[in-house]
Amino acid sequence: MPIKVKPDKDQLAQLRHCTRIDASKLADLVIHLSDLAKPPLIADQLLTEIKSKLSSEDAEALLPPVLSMSMIARSSESKSTEVVKAFRNAFESPEEQEAWDKIAGLIQVLIDAPAIRLVTKAMQLSYDYANLLRKANIVTDLRPLFDDSGTVVEGGVVTHTLRIAYQSDDGGHDLSLAIDLKDVQKLQEQCERAIKKGTSIRDEFSQSTNKPCMISGESESHNE
Amino acid sequence: MSSVALDPRGLVVQVRENAERAYLDYDSNDWYRSTARQARFGEQSTSRATMGLCDEQKSSSGIAAEQVASPTIWNRVAHWFRGRTEKPLTLDEFQSVSPNDVQAFDQFVTFLRQQESCNSVEDWNKKLAYTDFDSWPVKSTILILAISCDKQDDIPVWRVQLNRCRKNLQSLGIHNNLFESLRNQYPADSQHSLLLKAARMVDALETQVATDDYLDSAIAFEQLNEVRSALACVYRNARYRLRDGQIKELDSDVRGFEFSEAKVDTMLAILTATAPVKRNLASRSTLYANIQRTLKKRGQLERGLLDGLQ
């Protein structure tokens, strides 16, 4: 069953950049990634591998669309050939389609490469939840205490509001919760504990299984 | 799409938002309503020709390869290709081509090469990009690479697909570096002929019916020091012969076995695989004597080596 994709202006620009990458270097990269004995789990590490064969500019332009395509293939249960075909149709001019054809075979093999699949799978599983946190902040207010006449400030109360913005299948949502100092301290404690627990279980899993393991959202620098 | 390395979560959300599955109504009758009568007729003829080719190839009888290679079938295929001038060539048809009949395959290659419009670099780029090689037998992908090998310098994806075949062969446990080993073994051969040889060798292991030259493939594997694949070639294909009641063909295999080129493992394998039906194989006793003599001459006839195999 054919799939349709609608890349926006920026995405199309990135795809156009990809069509300008030297196809021979791209082929070297595909073979390099296919032959990796231990494919990376984190996108930053993957980017480093890509940079070993392409310029930084090309590598950074290539990785996001390739990961997107790999995710589309996974989420729509489509073949990589169908995905590259769908992206071909996203180009309007025949010249651009022809330029895409030159690298489409390489992109298609790249999408299927274990190195790309592993990172995509890890990313998707990291955020495979009904609701995704987009932003969390604590707004601190001072509420004045007025006298009975409402003209004199007799004191003040500092309050905190935990504001959470999250994304679900039906769009973005906001939630505001009033919290006091003890809640803030408890949250701080829980956050520190969660970071420790994540690191401990990741290290234990990696050591006992000799398999890579990442904490959802961690970057290469955190993993070192 | 900003740098994914910095914001993987953003990318996941973005993909969720941007990518949509188009559940198009894929009614198989749609083409009928929207296509002119003449074209519908052509389409139906095409389907028949293709189906005919595939059906015969899929047949479990041992003569499938001969049928595919028969002039009638090839004429039908040729006729069908000529009639497809307005449609881009898809590679799916190649799946049915057996590399076993080299002559027939070369005819097919020659025919394709004559179709200039089907063989430009641009066309090969499209074919190699939009064909689902994962659903193909590895041998068919190797055949495609054989056909297009003269343009490989202009088609970067060519060597990527070759590497993919190599990986697939590794995962099938057939050979770790089949192409390199063949190149080292036969340095004078062209890449086209090496790929055809590789396809035939893989064919002998992949195909679920006995192939005509499986013993040659076994010897070829053995010469590359790939004894496991060599033995698999002999045992699997001999078993297919027995399963399909092809005693006459098996006897012909025994008669044509190039014992002078074979090493001891393949020799023992052919004698062992055919032992259960030795009374029905007229050529087997001659083969046994030839093998015994050859091993003796080479100084490899260890005591008891051929016991129970006569």
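Values in this text are rule-based calculations from the coordinates and carry no lab data. The model shown is predicted, which means the values in this text are computed figures rather than measured ones. We place every Cβ from the backbone using ideal geometry, glycine too, and count neighbours over all the protein chains shown.
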- Rg and Dmax [Cα atoms of region A:109-205; Å; Rg one decimal, Dmax integer]: 21.6, 76
- Query: Which stretch or stretches of region A:7-40 have amide N atoms under 18 Å from the point lying 7 Å from A:LEU125's Cα along the Cα→Cβ direction?
  - Reply: A:38-40
- Express the Stokes-Einstein translational diffusion coefficient of region B:200-310 in µm² s⁻¹, to the nearest whole number, given a Kirkwood radius over alpha-carbon pairs, 25 °C and a viscosity of 0.890 mPa s. 178 µm²/s
- Note on the structure: Among A:SER76, A:LEU63, A:VAL30, the residue whose Cα sits farthest towards the positive end of the charge dipole of region A:1-127 (+1 at Cβ of Lys and Arg, -1 at Cβ of Asp and Glu, taken about the Cα centre) is A:SER76
- Query: How much length is gained if the chain between B:ASP307 and B:SER260 is pulled fully straight, taking 0.36 nm per residue apart and subtracting their Cα-Cα distance, in nm to one decimal?
  - Reply: 14.9 nm
- Query: What FRET efficiency would be calculated for the residue pair B:VAL277, B:ASP154, taking the C-beta separation as r and a Förster radius of 51 Å, to the nearest 0.05?
  - Reply: 0.45
- Which distance in Å, rounded to a whole number, links the C-alpha centroids of region B:245-310 and region A:156-184? 82 Å
- Task: Tell me the label-point distance for the pair A:GLU192, B:ALA188, using the 7 Å Cα-to-Cβ offset, in nm and rounded to one decimal.
- Result: 7.9 nm
- Spin-label point model (7 Å from Cα, Cβ direction): what's the A:THR151 to A:SER52 distance in nm? 7.8 nm
- Reduced to Cα centres, the span from region A:75-105 to region B:210-231 in Å works out to 40 Å
- Task: Kindly state, to the nearest 0.05, the FRET efficiency for A:HIS173 paired with B:LEU172, given R0 = 45 Å and r defined as their beta-carbon distance.
- Result: 0.35
- Query: What is the extension gain from A:GLU77 to A:ARG16, computed as 0.36 nm multiplied by their sequence separation minus the C-alpha to C-alpha distance, in nm to one decimal?
  - Reply: 19.4 nm
- Note on the structure: To the nearest 0.05, the calculated FRET efficiency linking A:LEU181 and A:ARG202 through their beta-carbon distance, R0 being 35 Å, is 0.65
- Task: Anything in chain A that counts as a DSSP H helix reaching 30 Å or more along its axis (C-alpha) with Kyte-Doolittle mean of at least 1.6? List them, would you?
- Result: none
- Query: Principal axis lengths of region A:4-155 from Cα atoms, whole Å, largest first?
  - Reply: 80, 40, 32
- Each label point is 7 Å from the Cα along the Cα-to-Cβ direction; what then is the distance between the points at A:ASN210 and B:ASP132, in nm? 3.7 nm
